[in-house]
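Taking it in order: structure first as structure tokens, then the write-up.
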Amino acid sequence: MRSCILGFAITGYTLFCTPCIADQTGEPPQKMVLQIDGRQAEFVVGEKLKLTGAFSDPTIQVVASPTRQFSYGGINFEYPANFVWDAETDGDAYRSWTMSGNECTIMYFTFANELTADVFAASLREQFGQANSTIESVSRRLGGLRLEGKRVVANIAGNRMAQDVLNVPAPTGKSRLLVLQDVPDEEGVGLEEAKRVHRLLSESFRLAK
């Protein structure tokens, strides 16, 4: 459903864009956690890890980290390690990265021209149909940043779906959009997976230096 929903929102706003240069499609590596006598350190398989201190007959355990770190397109954040990864950078106009769970999806877009959350959200609602969707302003604090945007709530074949389209600070003449999609209940409350994603983003979201 993701490509069907988002493809039309991008079409029509890419004709005058300039090419993006670098390829950034690789899935962030699975992090591991080394636990030694109550102390722990994160590392990536194949990288060197330096430990300080003295250990006498230590008890060691290696476990997979529950998160991966997204570090593309000028932002950084942690997301659940089990989410399915997809990246699209074939076109010259924009790049997109998608991390999908069972109930929640994180989508991030960078555009070589200006495209606001208002315009993107309006395109979504036009496709869903005025009678099947609503749109309202939304504001989220992620990692110390206040991101403003629009929330589109739609009813698709009896299923309720919400998409928060957030403006991310971008260089002049360009744009970045973060889209958080979930399936809230009748009171608009997200399910547990969505709550976990929002907690991770609230704690870890940063603009790259």
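Going through (1) within 24 Å of N76 (Cβ to Cβ); (2) touching a strand residue (DSSP E or B) at 6+ places or on another chain (Cβ under 8 Å); (3) modelled with pLDDT under 95 one by one, E186 falls short only on (1). So is R176 at negative phi, surrounded by 15 or more Cβ atoms within 10 Å (Cβ to Cβ) and assigned to a strand (DSSP E or B) or not? For R176, the condition - at negative phi, surrounded by 15 or more Cβ atoms within 10 Å (Cβ to Cβ) and assigned to a strand (DSSP E or B) - is met.
A quick yes/no check of all residues on (1) in the same structural domain as P171 (by TED's automatic domain parsing); (2) modelled with pLDDT under 85; (3) touching a His at 6+ places or on another chain (Cβ under 9 Å):
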residue: T14; (1), (2), (3): yes, yes, no
residue: C17; (1), (2), (3): yes, yes, no
residue: Q35; (1), (2), (3): no, no, no
residue: R39; (1), (2), (3): no, yes, no
residue: V45; (1), (2), (3): no, yes, no
residue: F55; (1), (2), (3): no, yes, no
residue: F83; (1), (2), (3): yes, no, no
residue: T89; (1), (2), (3): yes, yes, no
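For segment 66-130, the strands (runs of 3 or more DSSP E) that sit wholly inside it and include 1 or more residues that are over 14 Å from L178 (Cα atoms) are 67-70, 75-80, 84-88. From the list S202, S175, the lone residue that is farther than 24 Å from T67 by Cα and among the hydroxyl-bearing types (S, T, Y) is S175. The residue that is modelled with the lowest pLDDT, counting only those in segment 132-169 that are among the β-branched types (V, I, T) and more than 21 Å from S202 (Cα to Cα), is I156. The set of residues in segment 79-93 that are within 13 Å of E27 (Cα to Cα) and charged (D, E, K, R) comprises D86, E88.
The values are calculated or read from the model by the stated rules, or taken from the named source; none is laboratory data. These numbers were taken from a predicted model, which means no experiment stands behind them. As a convention, Cβ positions derive from the backbone with ideal geometry for all residues, glycine included, and neighbour counts pool all protein chains shown.
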